[in-house]
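All of the numbers you see were taken from the coordinates with simple rules; none came from a lab. Since this is a predicted model, take the numbers as computed values, not measurements. All Cβ positions, glycine included, derive from the backbone under ideal geometry; neighbour counts span all protein chains shown.
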Amino acid sequence: MHWVVIFALLFVSINKFLQYTSNYHERWVSKLSLVKEIRDLAENLRKLIKERKAIYEENRAVSAQDNYARWTKNNRKISKLDKDIEQSKAALKNASSKQEHLLKRVKLIALTLPFLALKLLKGKTIVYDLPANDMFPMIMNGILTKGLLYIPLLPLNIVRGVDPNKDLVTAGVSLSVWLMGFTKVIDTVEFIINQLFLMPAVPEPKHEKNTTKEKELEPKEIEELKTTEAELD
């Protein structure tokens, strides 16, 4: 396997991993943060949530009629803890925002830009050779070998009198085209799995019975209709 394919697969795998785990990034940042303030705020938030859960479970086991004073006291504690939890979340989010911004810059420098450079510099690298140069029409061979940029450059080269396929010695699939097809397959598989297993079932529409009764015409109205039809005839 060509080394550019290995690096491309590595970049795609890391990007997909970060995409799938996006809901956990904030938690990971708070746990693994090098800033003591963020770790302390995260630990305090976990303690508040744990305390609220314990009081809530205790209140569920207490009868409001038999232990009204205790039940009311626990409700007041839960209300106070709810406010403290919201304040703690806001403080943690404010403290983590600068670090998240820094991590986004690190991702841009360490992942996005190198992947972009790989596609720009090595996009025309052939990763798969075709059995024969005439397996597809020349335009298709040019797209597979040189990428989608071959299409807008084709009329320009024809106008300039330059053969667009003069350096097309061996037809094959370039890295840029292979990556486009590979990511499209992954997106399609994700869509199918999401639709079949992860999306909630859509409830069947309720058919409302038509309870409106048709209005019965009076004899006078029937005579008027007959007169109107006769006039129209």
ask   = Can you list, largest first and rounded to whole Å, the semi-axes you get for the stretch 124-198 by taking the square root of 5 times each eigenvalue of its Cα gyration tensor?
value = 31, 14, 9
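What list do you get for His101, His25 if you sort them by fewest beta carbons within 10 Å?
Numbers: His101 10, His25 13.
Listing His101, His25 from fewest to most nearby Cβ atoms yields His101, His25.
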request  = Would you kindly derive the ³J(HN,Hα) couplings of the stretch 80-96 from the backbone phi angles with the Karplus curve 6.51 cos²θ - 1.76 cosθ + 1.60 (θ = phi - 60°), listing them in order in whole Hz, with x for Gly and Pro?
outcome  = 5, 5, 4, 5, 5, 5, 5, 5, 5, 4, 5, 5, 5, 5, 5, 6, 7
task = Using the Karplus curve 6.51 cos²θ - 1.76 cosθ + 1.60 with θ = phi - 60°, work out ³J(HN,Hα) for each residue of the stretch 38-43 in order, rounded to whole Hz, and write x for Gly and Pro.
result = 5, 5, 5, 5, 5, 5
request  = Give the dimensionless ratio obtained when the Cα radius of gyration of the stretch 91-158 is divided by 2.2 N^0.38 Å.
outcome  = 1.87
query = How large is the dipole of the stretch 1-131 about the Cα centre if only Lys and Arg carry +1 and Asp and Glu carry -1, each at its Cβ, rounded to the nearest 20 debye?
reply = 220 debye
remark   = Counting sequence-distant residues (5 or more places) and residues on other chains, those with an amide H built under 5 Å from that of Tyr128 are Val173
task = Go ahead and run the numbers for FRET between Arg70 and Thr188, Cβ-Cβ distance against an R0 of 35 Å, rounding to 0.05.
result = 0.05
